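Undergrad: The structure follows.
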Amino acid sequence: MNRNALVGGLLMLVGTVLFVPGLGTQASQLATLALLPAAALLTYGTYLVGTSEGGRAV
């Protein structure tokens, strides 16, 4: 497996874990502020996984 795919998968996992506390209706301000880096990690992780193979990016 490609190194970029592994790093991207790990970033997606961390981003998902950061998303969970901010989804509740009684989320604290810190949990709400964690949504921005969580979205950035998910986006970059998805990009790394999508471009890890040769050819066109999916």
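The values are calculated or read from the model by the stated rules, or taken from the named source; none is laboratory data. As the structure is a prediction and not an experimental result, all values here were calculated from the model. Note that we place each Cβ from the backbone using ideal geometry, even for glycine, and neighbour counts take in every protein chain shown.
Undergrad: Output the number of the condition that SER52 fails; it satisfies all remaining conditions of (1) in a helix (DSSP H, G or I); (2) in contact (Cβ under 8 Å) with a residue 40 or more places away in the chain; (3) buried (at least 16 other Cβ atoms within 10 Å of the Cβ).
TA: (1)
Undergrad: For residues in the stretch 40-49 being modelled with pLDDT of 95 or more and surrounded by fewer than 16 Cβ atoms within 10 Å (Cβ to Cβ), which is farthest from ARG3 (Cα to Cα)?
TA: Across the stretch 40-49, the extreme among qualifying residues is ALA40.
Undergrad: Follow-up. Any residue at all in the stretch 11-30 that is touching a residue at least 40 places away in the same chain (Cβ under 8 Å) and surrounded by 15 or more Cβ atoms within 10 Å (Cβ to Cβ)? Outline the logic, then answer.
TA: Taking the stretch 11-30 first, the residues touching a residue at least 40 places away in the same chain (Cβ under 8 Å) are none.
Checked the stretch 11-30: no residue is touching a residue at least 40 places away in the same chain (Cβ under 8 Å) and surrounded by 15 or more Cβ atoms within 10 Å (Cβ to Cβ).
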